[in-house]
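The values are calculated or read from the model by the stated rules, or taken from the named source; none is laboratory data. The shown structure was predicted, so the numbers you read here are calculated from the model rather than taken from an experiment. Every residue, glycine as well, gets a Cβ built from its backbone with ideal geometry; the counts of neighbours run over all protein chains shown.
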Amino acid sequence: MTTAVSSDATGLRRADLARAVAAAASFTSGVIRLDGGAVGEFATYADGERVEGVRIGSEDPTRVRLRLVVAYGRPIPEIAADVDAAVRERLAPRWRPSRVDIDVVDVVAGVPDGPEVPDVAGRGEASDHSDSKG
């Protein structure tokens with residue numbers, strides 16, 4: 001039994017393209033995260049994978065759509081221009097999107113710039129409280 005792999009004319013898999021687009025967008029200054037929609041419906045589904053927040057066109061695989069949550073403070077057009085440039089740079093020269101559509105679906109205040117990093121130490125946010133016992 002063979003599994004069909006969806007790819008474009010360059011031979012790149014749609015799932016690989018979607019992951020590369022997601023990575024380029026995620027590490028752009030001002031982007032908090034990619035958004036998959038209320039129930040995760042905004043995604044690229046290919047080769048048994050699902051990449052949330054990115055759609056690689058099925059009829060036109062050179063068209064890319066992104067849904068982003070961004071940080072307050074930086075102008076949205078600047079963030080969008082940087083995401084567009086990052087996506088194009090990350091994928092060039094092997095694959096060039098004809099169009100990169102960016103939808104900013106939320107702006108979040110008070111969140112540090114860049115991708116969210118989990119607090120693995122479990123300390124939570126810094127506080128002014130002392131931990132002394134007496």
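In the stretch 38-61, of all residues being in contact with a strand residue (DSSP E or B) (Cβ under 7 Å, 6 or more places away or on another chain) and not in a strand (DSSP E or B), the one that is nearest to Ser98 (Cα to Cα) corresponds to Gly57. If you scan the stretch 91-118, which residues turn out to be modelled with pLDDT of 80 or more and touching a strand residue (DSSP E or B) at 6+ places or on another chain (Cβ under 7 Å)? Within the stretch 91-118, Pro97, Ser98, Arg99, Val100, Asp101, Ile102, Asp103, Val104, Val105, Asp106, Val107, Val108 qualify.
Among the residues making up the stretch 56-93, those that are free of Cβ contacts under 8 Å to residues at least 24 places away in the same chain and buried (at least 17 other Cβ atoms within 10 Å of the Cβ) are Gly57, Asp84.
Listed by first and then second residue, the pairs linking a residue in the stretch 36-50 that is closer than 12 Å to Ala22 by Cα and free of Cβ contacts under 8 Å to residues at least 60 places away in the same chain to a residue that is surrounded by 14 or more Cβ atoms within 10 Å (Cβ to Cβ) and among the acidic types (Asp, Glu), with Cβ atoms under 9 Å apart and 6 or more places separating them unless they lie on different chains, are Gly36/Glu52; Ala43/Glu52; Thr44/Glu52.
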